[in-house]
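One structure is given below, encoded as structure tokens.
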Amino acid sequence: MAFYEKLMTMDRRVVYITMALAVAIPLFVPFQVPIHTTSEVKSVYDFIESLKPGDRLLIAIDYDPNAMAELHPMALTICRQCFAKGIKLFFVTLSQNGPGMAEQLVSRLSKEFNKKNGVDYIYLGYKPYPGLVILSMGQNFRISFPMDYYGTPVDSMPIMQGIRNYDDMKAVIAFEAGWVADSWIGDANGRYKLPVALGLTGVMTADYYPYIQSKQIIGLMGGLKGAAEYETLAKAKDRIASRGMKVQTITHIVVILFIIVGNIGFFMSRRKKL
Amino acid sequence: MGTGEILWNGLALFLTLSIFSILYKDNPFYKIAEHLVVGVSAGYFAIILYYNSFIPKVWVPVVHESKFLYILPTILGVLMWTRFSRKWSWVSRYPIAAYMGIGMGVAIPVTMQAYILVPLYATMQPIGFTSMALFNNLLVAAGVLCALVYFFFSKEHTGAFGGVAKVGIWTLMVGFGAGFGLTVMGRVSLLIERFTFMRDYLQKLFGF
């Protein structure tokens with residue numbers, strides 16, 4: 001068998017093992033890679049920095065555990081920034097396995113910043129059918145969420161006094177692992193003009209760049225890279241995403257090498273046939 | 001690390017490795033982990049729906065607040081279950097029709113405005129060569145037009161028209177390439193998280 005034929009028929013398990021080593025080895029080797037920030041992430045950071053203490057933000061935790069690796073670091077960093085600035089946060093989740101994610105985030109950060117439920121933040125919980133829930137919140141939060149996640153009537157909470165709908169929010173920061181992002185853009189921004197910023201999984205990111213050009217979103221954070229950029233801007237102590245970027249760099253080099261090797265094999269075999 | 005943490009995280013480590021084992025070949029460990037994920041997800045979702053939808057949207061309004069209008073959508077929901085009977089499955093068409101009607105009514109105006117008209121306006125911006133922003137607008141407009149030409153199949157893709165279509169396919173490829181790169185990053189992120197979890201667990205367990 002010729003060399004190029006070996007390249008074309010390489011056992012897929014060789015690729016898997018190489019990738020596993022490319023991930024595992026850098027985890028034990030201390031080194032850093034530079035993280036450059038992009039305008040789409042900086043615009044989200046600048047927007048939050050422009051808010052004043054007491055301003056209100058809607059935080060949508062619309063992801064499942066399978067997107068936790070990418071979205072949890074950016075959600076943690078942004079919520080820390082908000083709590084540190086004294087911004088009041090309204091948490092909601094429209095993903096079916098999201099309640100656990102949001103609960104973990106809320107309980108961890110409220111302890112860390114000594115924030116009170118119903119005063120400094122409220123966790124509204126989960127309701128199915130995201131599009132309809134987003135539209136209903138544009139009329140009144142109480143339509144979908146008469147009670148918070150823990151079963152307390154929202155009207156009994158100080159944070160909800162004088163709050164009716166999106167007019168009382170500065171923006172929604174939506175962390176998305178699925179099509180709910182479309183509803184935030186179409187329904188919340190399109191119909192109710194609520195400014196939207198997105199934190200997205202890497203797979204989704206490319207599809208949402210056009211909405212920056214059309215100014216339908218403030219900005220976006222794409223995958224682990226977006227999270228690492230935000231950590232850099234916010235000078236975060238717990239740099240979970242930034243630590244992952246050194247591994248991303250090595251694995252991307254490996255993937256590029258595999259693509260080059262595969263292409264060499266393809267073009268050599270095609271030339272041989274001609 | 002307490003005994004509970006050792007056991008639960010140990011189970012998580014075992015299940016992670018069981019899922020990874022499919023990369024070698026299909027095996028019983030993978031099957032167990034796969035079925036566990038599906039079962040736990042379905043059970044978890046059922047409970048979440050019960051406490052976040054049925055209780056606040058059906059039980060509390062009807063039983064505690066005497067809002068009997070809520071019974072109507074509840075009946076529509078229950079009628080969905082007639083799908084399980086061959087004789088009565090036609091009844092489920094009514095809730096499905098209501099659901100489709102509401103969905104279309106909500107989606108159509110939003111779709112036109114948010115996903116067609118506004119992005120279309122964003123594509124038709126001033127163009128030129130005097131600044132980077134104007135040149136970027138030119139690139140966007142040219143890329144969109146060329147990509148549209150590629151999908152115009154009523155004329156043969158030859159000559160100048162073929163050239164424009166070729167620019168269109170290159171534009172699409174740039175988009176697909178960006179999507180592929182970001183997908184690789186997303187998948188690797190998941191792998192990093194699992195490897196980091198395994199490293200941290202083993203480091204705590206064996207103290208190295």
So B:A42 ticks every box in (1) under 25 Å from the mean Cα position of the chain (by Cα); (2) hydrophobic (A, V, I, L, M, F, W, C); (3) away from chain A (no Cβ under 12 Å) but one. Which box is left unticked? (3)
Within the range A:62-73, is there a residue that is among the hydrophobic types (A, V, I, L, M, F, W, C), within 14 Å of chain B (Cβ to nearest Cβ), surrounded by fewer than 21 Cβ atoms within 10 Å (Cβ to Cβ) and farther than 27 Å from A:D120 by Cβ? no
Tell me which of these B:I71 doesn't satisfy, since it passes every other one: (1) among the aliphatic types (A, V, I, L, M); (2) at pLDDT 95 or above; (3) out of contact with any Leu (no Cβ under 9 Å at 6 or more places or on another chain). (2)
If I filter the range A:232-250 down to residues being over 27 Å from A:M19 (Cα atoms) and of a type in the set (K, R), which single residue comes out as modelled with the lowest pLDDT? A:K237
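Here's the yes/no breakdown for (1) within 23 Å of A:G98 (Cβ to Cβ); (2) assigned to a helix (DSSP H, G or I):
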{"position": "B:M1", "(1), (2)": "no, no"}
{"position": "B:W8", "(1), (2)": "yes, yes"}
{"position": "B:A12", "(1), (2)": "yes, yes"}
{"position": "B:I22", "(1), (2)": "no, yes"}
{"position": "B:K31", "(1), (2)": "no, yes"}
{"position": "B:E34", "(1), (2)": "yes, yes"}
{"position": "B:L49", "(1), (2)": "yes, yes"}
{"position": "B:K57", "(1), (2)": "yes, yes"}
How many residues does the range A:166-191 hold that are outside any helix (DSSP H, G or I) and modelled with pLDDT under 95? 3
All-but-one check, B:S189 against (1) surrounded by 18 or more Cβ atoms within 10 Å (Cβ to Cβ); (2) over 21 Å from A:V203 (Cα atoms); (3) hydroxyl-bearing (S, T, Y), failing number (2)
Could you tell me which of the residues B:G177, B:G159, B:G181 is out of contact with any Ser or Thr (no Cβ under 6 Å at 6 or more places or on another chain), away from every other protein chain (no Cβ under 13 Å) and of a type in the set (G, A, S)? B:G159
Within the range A:155-165, track down each residue that is surrounded by fewer than 18 Cβ atoms within 10 Å (Cβ to Cβ) and part of a helix (DSSP H, G or I). A:D155, A:S156, A:P158
Take the range A:39-50 and flag every residue that is surrounded by fewer than 18 Cβ atoms within 10 Å (Cβ to Cβ) and either of a type outside the set (S, T, Y) or out of contact with any strand residue (DSSP E or B) (no Cβ under 9 Å at 6 or more places or on another chain) (or both). A:S39, A:K42, A:D46, A:F47, A:E49, A:S50
With respect to B:G186, is the statement that it is farther than 30 Å from B:L15 by Cα and not aliphatic (A, V, I, L, M) true? no
I want to confirm something. Restricting to the range B:94-127 and keeping residues that are under 25 Å from B:I71 (Cα atoms), more than 11 Å from chain A (Cβ to nearest Cβ) and surrounded by 13 or more Cβ atoms within 10 Å (Cβ to Cβ), which single residue is farthest from the chain's Cα centre (by Cα)? B:Y94
All-but-one check, A:M221 against (1) in contact (Cβ under 8 Å) with a residue 24 or more places away in the chain; (2) within 13 Å of chain B (Cβ to nearest Cβ); (3) not in a strand (DSSP E or B), failing number (3)
Give the residues of the range A:230-257 that are surrounded by fewer than 15 Cβ atoms within 10 Å (Cβ to Cβ) and among the hydrophobic types (A, V, I, L, M, F, W, C), sorted by residue number. A:I253, A:I256, A:L257
Wholly within the range A:1-59, which helices (runs of 4 or more DSSP H) include no fewer than the required count, namely at least 1 residues that are within 14 Å of chain B (Cβ to nearest Cβ) and in contact (Cβ under 8 Å) with a residue 12 or more places away in the chain? A:12-28, A:39-49
With (1) loosely packed, with under 14 Cβ neighbours inside 10 Å; (2) over 22 Å from B:L190 (Cβ atoms); (3) out of contact with any Pro (no Cβ under 7 Å at 6 or more places or on another chain) as the list, and A:V14 as the residue in question, which single condition is left unmet? (2)
Could you look through the range A:98-148, keep only residues that are in a helix (DSSP H, G or I) and among the aromatic types (F, W, Y), and pick out the one that is farthest from the other protein chains (Cβ to nearest Cβ)? A:F113
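The values are calculated or read from the model by the stated rules, or taken from the named source; none is laboratory data. Since the model is a prediction, treat every value here as computed from it, not as a measurement. FYI the Cβ positions are ideal-geometry reconstructions off the backbone, even for glycines, and counts take in every protein chain you see.
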